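Here is the structure we will look at.
The values are calculated or read from the model by the stated rules, or taken from the named source; none is laboratory data. Here the structure is a predicted model, which means the values were calculated and not measured. All Cβ positions, glycine included, derive from the backbone under ideal geometry; neighbour counts span all protein chains shown. For the accessible areas, the whole protein counts, side chains as well, though only heavy atoms, and no ligand, DNA or RNA atoms are used. Shrake-Rupley method; radii C 1.70, N 1.55, O 1.52, S 1.80 Å.
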Amino acid sequence: MNNPIVKLEKSAELNTNVATIHQHRARRAQQSYTERMEAALRSCAPAGEIKSPWEVWQEWYEYSTDAAQRSLLFWDIIRERGNGFVEHEKAGKPPVLHFDYEIIMDGRQLARPVNYALTRIIPPEGVAINPKRRPYVIIDPRAGHGPGIGGFKDDSQVGVALEDGHPVYFVIFYPEPEPDQTLLDVCNAERRFIHEVHERHPDSSAPVVIGNCQGGWAAMMLAAAAPEDTGPIVINGSPMSYWGGAWIEGEGDNPMRYTGGLLGGSWLASLAADLGGGIFDGADLVQNFENLNPANTFWDKYYNLYSRVDTERERFLDFERWWGGFYLLNTSEIDWIVQNLFVGNKLSAGETKKARGKYFDLRSIRSPIIVFASMGDNITPPQQAFNWIADLYGSTEEIKARGQIIVGLLHQDVGHLGIFVSGKVAKKEHKQIVSVLKSVESLPPGLWGMQIHEERDADGKTTYDVQFVEQQLEDVARRLNRFEREDEKAFEAVAEISEFNQRAYELFARPLVQAFSNGAAAENARTFHPMRFQRWVFSDLNPLMWWLKPAASVVEDQRQSAPPDSNLFRGTEELVSEGISASFDLYRDLRDAASEALFMSVYGNMYTFRMADTRQEEEIDPAAETAKFPWVKDALSNVDKGGYIEALTRTAFLLRRKGVPIPLTRMELTKAFIEKNADLVPDPPLHELRNIRGQQALIVGIDPELALQTLPVLLSDTEDCTRFMTLLERVISDPDVPDLTIGQIGMVDRIRMVLEAAKPRARMQTRAAAKPAARTKAKSAAKPAVRRQKKAAAEPVTRAR
């Protein structure tokens, strides 16, 4: 790549691809707009007989009355939203949890104070909790909003865990950060919280940690820092690999990942925090989220309220209470987040520092990890949720060698908030996650896909069938990253430009900005921030709103609604609304396509001309053989090492049906069989068992014949071999165990033959070992007699003297 001609050719190829994809996106945006408008026109086309003028006049009268009444009720709800915002601010912006709670630990009282606290959810009346069941700890995102969305309603993460009888704890945070607190201080506080929960439930397993969005990478950092106190980890819609995304296909794929580069890197976040007097306003983050979908922000959610004003009031106000609760971060926190995660993408690369110069190594996590993402999420796309696995582990074999269990669950269409807000998702995905966590821990190490199949019984009741399908990391990465992650190279250029701009800002601009900023001006700027202003200006603080409440009361008493499916003018209203929404979406798609093209043109060429040479040597040779990896060599070197438990584990993998999904029912039968035969099945600590299973799975996967032939070495102890054969016979004869396949029966016969053939050799080795032992024993017994004879012979001489 040092050849300038080659660089120019690469640049020309890149620019051609960018232009082609931009044109493709623009055409798709226009096509989507045309299709939506045509569908809307068809749905509003008159059906049946043509209406008379009198009927048209009647419908107009009905519609105008209905529209006027809906307008009054709509603005009264907006007034109520404003009042709720003001009241929430005055109350100190408490969590929006639907459940009662008590404070267990207050992070503001720690040696390094932070604005976090650990709470215990108080079960509602009629909900029984078993204190011996594994506790759940839920961490909500601190990304502009306040805590509580994980327990926003009955059908939520908190609700399904309580329903299953688990104690539930919730990590909350206060609106304003403590002076000088850092993200590392927060991580240390959360370590204390998890340790406290673990100690409060000594008779149960380590707590499950659930992290939503930003809380997901916080949970991963926590688990890496305190693996002994954390049980299974569930990360929902959590961006772990921030550069990931799809470039070739999709509607405006993942525009948020380009924001950092288009703004010149992390310096703008530092500027905003300095202008805020050392405080970064979370309302800026929320405004960025809203800009992703202008149709919903400026029209859809309000029109949905207006058109369904009789039924949408409570849902709208409940959600807005959370969405309008803006929390703050200090300068060090936002700088750490943006520089290490958003732009730097350092967490999955192991470049994120802990205290005392150490680094977070996510491979030190001992517990199973469940990753829940959605194809419809444009804030945390599946690539950002899953690519960290490929960044962290070199291959599927390495995951197994390290004894790690990673389970992926992919929703097809729900949006980012729906992952942890939607009641349907809570009742299906989150409820099944809670129900299968114990089974997940018994999965063999590796990468698994969790599939949930919905079924209806004869009574119409919905049931779910869960099964696990083993995946290859290489195949998953290839399916998710259709451009083979070539597009991520441009983000390396962003990281370097961002670092340069950040240093320049800190050296030249920050002292000046901090000198001119002050607390009063910053507070006024936050008060009049558009996200806050649009709420409190339409509250009772505004004297012009005094008449709305009595007017709305009159309207509610005299409400007359026009039927939306038969009224001509109501149908026209729907058509106009669809046109406005489609126009906003067209603008969004064209904007995102242009932003993507600009980003790739600037930073893609920058990478090509400046950085490609230095990155070539870092690339891993794709032709490298699996056997050359160190973890494979370690596994093969231990093929003849171990004992009874290694033999059992290896046999389980030899008998396993490859490529066949594992239903939850089969896992439950396996668990029941193990409990029934507990006298023959060891029970080591879970993390030790996972390491053993990972290594044995690797050995069987690499060389099953060698694994079989060395099995007698692991069972060289006669007693162990007898126990092993007894357990094997029980597997075959137990009526609760599913019938073995022909291949499994053949493998059982081969195991018997190998062990039987090894018995004479083992007896010979035992005799050979016994002969020297016998000779040694005879010599030991003879030594005292020889000493007595010598002593007796010496006695006369002694007396004579």
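Worth pointing out:
- Packing-based order for 212-219, 510-517, using average beta carbon neighbours within 10 Å, highest first: 212-219, 510-517
- Cα-based helix-to-principal-axis angle, 718-733 vs the chain, degrees rounded to 10: 50
- Computed FRET value (nearest 0.05) for ASP749 with GLU705, which takes r as the C-beta separation and R₀ as 22 Å: 0.90
- Degrees, to the nearest 10: 489-504 long Cα axis against longest axis of the chain: 70
- The range 443-554 - percent relative contact order, Cα under 8 Å, separation 6 or more: 13
- The range 476-535: C-alpha gyration tensor shape, a/c 1.5 cut-off, then a/b vs b/c: oblate
- Tensor-based shape of the range 72-193 (alpha-carbon gyration tensor, a/c under 1.5 rounded, otherwise prolate or oblate): oblate
- Length gained on full extension, ASN288 to ASP318, computed as 0.36 nm times the residue gap minus the Cα-Cα distance: 8.7 nm.
- Computed from point charges on the beta carbon alone (+1 for Lys and Arg, -1 for Asp and Glu), the dipole magnitude for the chain about its Cα centre is near 5360 Debye.
- Distance violations [Cα-Cα > 25 Å] among LYS633/LYS658; LYS346/LYS658; LYS461/LYS676; LYS346/LYS633: LYS346/LYS658; LYS461/LYS676; LYS346/LYS633
- In summary, the aspartates and glutamates within cross-link reach of LYS438, defined as a Cα separation below 19 angstrom excluding same-chain residues under 8 places away, comprise GLU163, ASP164, ASP203, GLU228, ASP229, GLU429, ASP465, GLU470, GLU668, GLU675, ASP683, GLU688.
- Helix axis angle, 214-225 relative to the chain longest principal axis, alpha carbon, degrees: 20
- Treating r as the C-beta distance of ASP683 and ARG456 and R0 as 56 Å, the FRET efficiency rounds to 0.90.
- Sequence-distant contacts, meaning Cα pairs under 8 Å at least 6 residues apart, place the relative contact order of the chain at 17 percent.
- Across the range 116-130, coupling constants 3J(HN,Hα) worked out from phi with the 6.51/-1.76/1.60 Karplus curve, θ = phi - 60°, read 10, 8, 9, 10, 9, 6, 7, x, x, 4, x, 9, 8, 10, 9 Hz, and Gly and Pro carry x.
- Solvent exposure of the range 652-708 as accessible area per residue, Å², 1.4 Å probe: 53
- Rounded, prolate or oblate (a/c below 1.5 giving rounded, otherwise prolate when a/b exceeds b/c) for the chain by Cα gyration tensor: prolate
- Surface composition of the chain: carbon plus sulfur atoms hold 55% of the accessible area, using a 1.4 angstrom probe and ignoring ligands, DNA and RNA.
- Here is how the number arises for the chain: DSSP H runs of 4 or more residues each give -39500 (n - 2.57), the sum is divided by the residue count, and the result at 222 nm is -17000 deg cm²/dmol.
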